[in-house]
Structures are given as C-alpha cells and as structure tokens.
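Let me begin by presenting the structure, written as structure tokens, before commenting on it.
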Amino acid sequence: MADSILITGASSGIGKALAFEMAQRGYTLGLAARREDELETIQKQIREKHPSTKIAVRHLDVTAYETIPEVLAYFTSALGCIDIVMVNAGIGLGEKVGRGKFDQARRTIETNMIGAMATVDAAVQYFLNQGKGHIVGVSSVAAFRGMPGNASYSASKAGFAVYLEALRAEVYKKNIHVTVLYPGYIDTPLNNMISSRPFLISVEKGASIIADLIEKKVKSSTVPVFPWNIVGKLLKLLPTSVIAKMG
Ligand SMILES: NC(=O)c1ccc[n+]([C@@H]2O[C@H](COP(=O)([O-])OP(=O)(O)OC[C@H]3O[C@@H](n4cnc5c(N)ncnc54)[C@H](OP(=O)(O)O)[C@@H]3O)[C@@H](O)[C@H]2O)c1
C-alpha cells in the first residue's frame, strides 16, 4: 500500500504544491484547510493528472483545537491509515508591537503555535497507537532570530520548533520520526506582497525539496538547504543595529 500523508494548510502555497508533488511520487493524500472549495478543486486537478491517486479532503480550522482528533479520525478511515502528518497550516500577518495590533499577534500564536501543537498532539496520539509515524512541522528561518515587524510570527515558529525538539526526545525509540523544516522565502500568497525576498524559490521547487527531505526523514533542515543553513546561523550573530534595518 502507498504511504499516506495528511497535509494541513493544503488549500494554498506550500501545502497545495506539496500535494501535487506527493501525488506524483505515488502517495495517498489527505488534504485539510478551512477553504473546502479550494481543496475540492485541488482534488479534481490531482485526479485528472494522477487518476490512481487516493485522495480525501476535509474542512479543518486548526484553531478549533478540540475538532482536530475527529478530523484525523475521518482521514484515517477515508485513507486506511496515515503515515505522515505535515503540520503546515499557518499565517503571517506582519504587525509591530504596541501599535494596536495585538489581535493579529494573538491570532498568529493561536494558529501557528497552538493550532500546530494541537495538530501534533492528535497525530502523536494516533501514531503511538499505530506504533509508527512521521511528524513534519513547518517552522521558518524567522525562528532563528526575532525579526522586527514579525515578533509574533518569529515567536510562533521558534516556539513550535522547540516544542518539536522536545517531542523528538519524548518519542525516542517509539518508531515516530520528527522533522522540523525551516523554509526561507518560497513564493506563495503568504509573502508575495513583500518587496524584498532574498534567495526566493518557486513553490514547485520548494515542494520538491520538502518532499526529498521528508523521504530522507531528516531531523531538521532549512528549505532550500543552502544558503539558509549558513544565513540562518549568521542571523543569530548579527548586531541589533543591522537587524533593525530589516523591519
Ligand atoms: N512561503 C514561505 O516563504 C514560508 C517561509 C517560512 C515558513 N512558511 C510557512 O509555511 C506554511 C505554509 O505557508 P504558505 O507560504 O504556503 O502560505 P499560504 O499560501 O498562505 O498557505 C497557508 C495555508 O494555511 C492554511 N491555514 C491558515 N490558517 C488556517 C487555520 N486556522 N486552519 C487551517 N488551515 C489554515 C491556509 O488555508 P485556509 O485559508 O483555506 O484555511 C493555507 O492553505 C506556513 O506555516 C508558513 O508560516 C512559509
């Protein structure tokens, strides 16, 4: 039986492109997001391109935390089993601290951190019962250094990455793999309004790199690996005067 992957945030950007990439690689797909109409269009397009792909779609709002186990159970029964959960749903609202935008900061943490944790929690419970599984969490290079204008986003991605690091130790020797991805700039609706996007790659290229990293079961990696593996380390060392100009 083909390996199956559940992707959250599959209605757009990286999640959508990864759905097409994994279909091409022969995976069974579970696609979740809030916009069900988008998911149904993607399902139709994938079926046209890869008629033998088994694929299920379902509405999911990761901030409706208590609904996640039930959505996971739906995909398990629709697909037979789930081998990989790609915790990808996220938002980037780009607000500054103390400018009356706390609501945006709260929503960012609720989605990117608590929603991601709730997804992982439900997936790990399922994987522990199944005796195997693979969690792939999408953090960001913004986790390496708190970026001005993105305090809540950086915090959400750093918090999620550290959470997954702890999880990896918790499930050590339980046949559950944990991969943390740190994308740089991948061309998607999340960031296409930003004027400067260094080392930008297309979403198709990003999805292909991510699929390779998933198949290798790496513990963690930047996306693309180079130059962000170097730039990420540099970001930590740069003085505040330089970082301040990036806001
Ligand atoms: N693009 C980059 O350069 C980049 C860099 C670093 C990290 N990332 C991370 O990569 C992930 C995907 O981002 P993207 O660039 O592909 O952005 P995107 O095109 O805006 O896609 C975001 C996805 O997340 C879903 N989503 C948002 N809030 C949700 C919620 N409450 N419940 C369920 N799904 C939700 C959206 O679907 P609905 O609106 O239909 O719910 C959409 O499918 C995010 O976690 C982002 O932070 C991206």
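Kindly indicate whether any position in region 124-135 is more than 16 Å from the ligand (Cβ to nearest atom), in a loop (DSSP other than H, G, I, E, B), surrounded by fewer than 22 Cβ atoms within 10 Å (Cβ to Cβ) and at pLDDT 95 or above. Within region 124-135, one or more residues are more than 16 Å from the ligand (Cβ to nearest atom), in a loop (DSSP other than H, G, I, E, B), surrounded by fewer than 22 Cβ atoms within 10 Å (Cβ to Cβ) and at pLDDT 95 or above.
Applying the criterion of being of a type in the set (Gly, Ala, Ser) and in a loop (DSSP other than H, G, I, E, B) to the residues of region 77-89, the residue that is nearest to the chain's Cα centre (by Cα) is ALA89.
Might you let me know whether region 175-194 holds any residue that is under 20 Å from the mean Cα position of the chain (by Cα), acidic (Asp, Glu) and within 20 Å of LEU18 (Cα to Cα)? Yes: region 175-194 contains one or more residues that are under 20 Å from the mean Cα position of the chain (by Cα), acidic (Asp, Glu) and within 20 Å of LEU18 (Cα to Cα). Residues of region 22-46 that are touching a strand residue (DSSP E or B) at 6+ places or on another chain (Cβ under 9 Å) and of a type in the set (Val, Ile, Thr): THR28, ILE42, ILE46.
Looking at region 90-113, is at least one residue assigned to a loop (DSSP other than H, G, I, E, B) and within 30 Å of GLY131 (Cβ to Cβ)? For region 90-113, residues assigned to a loop (DSSP other than H, G, I, E, B) and within 30 Å of GLY131 (Cβ to Cβ): present.
Kindly check whether there is at least one residue in region 89-109 that is touching a strand residue (DSSP E or B) at 6+ places or on another chain (Cβ under 9 Å), of a type outside the set (Lys, Arg) and under 23 Å from ASP61 (Cβ atoms). Scanning region 89-109 turns up at least one residue that is touching a strand residue (DSSP E or B) at 6+ places or on another chain (Cβ under 9 Å), of a type outside the set (Lys, Arg) and under 23 Å from ASP61 (Cβ atoms).
Select from region 119-164 the residues that are of a type in the set (D, E, K, R) and under 16 Å from LEU190 (Cβ atoms) and list them in ascending order.
Within region 119-164, just LYS157 meets the criteria.
Confirm whether TYR74 is among the aromatic types (Phe, Trp, Tyr), closer than 12 Å to LEU6 by Cβ and either surrounded by fewer than 21 Cβ atoms within 10 Å (Cβ to Cβ) or without any contact (Cβ under 8 Å) to a residue 40 or more places away in the chain (or both). Taking the combined requirement at face value, the residue satisfies it.
Scanning region 28-63 for residues that are part of a strand (DSSP E or B), within 12 Å of the ligand (Cβ to nearest atom) and more than 16 Å from GLY13 (Cα to Cα) turns up VAL57, ARG58, HIS59. Of all the listed residues (ALA105, ALA143), the sole one being of a type in the set (Gly, Ala, Ser) and away from the ligand (no atom under 13 Å from the Cβ) is ALA105. The set of residues in region 1-26 being over 23 Å from GLY90 (Cα atoms) and either buried (at least 20 other Cβ atoms within 10 Å of the Cβ) or modelled with pLDDT under 95 (or both) consists of MET1, ALA2. Scanning region 3-27 for residues that are part of a helix (DSSP H, G or I) and farther than 24 Å from GLU70 by Cβ yields GLY13, ILE14, ALA17, PHE20, GLU21, ALA23, GLN24.
The values are calculated or read from the model by the stated rules, or taken from the named source; none is laboratory data. Just so you know, these numbers come straight off a predicted model, no measurement behind them. Counting neighbours? That spans all protein chains shown, and the Cβs are built from the backbone with ideal geometry, glycine included.
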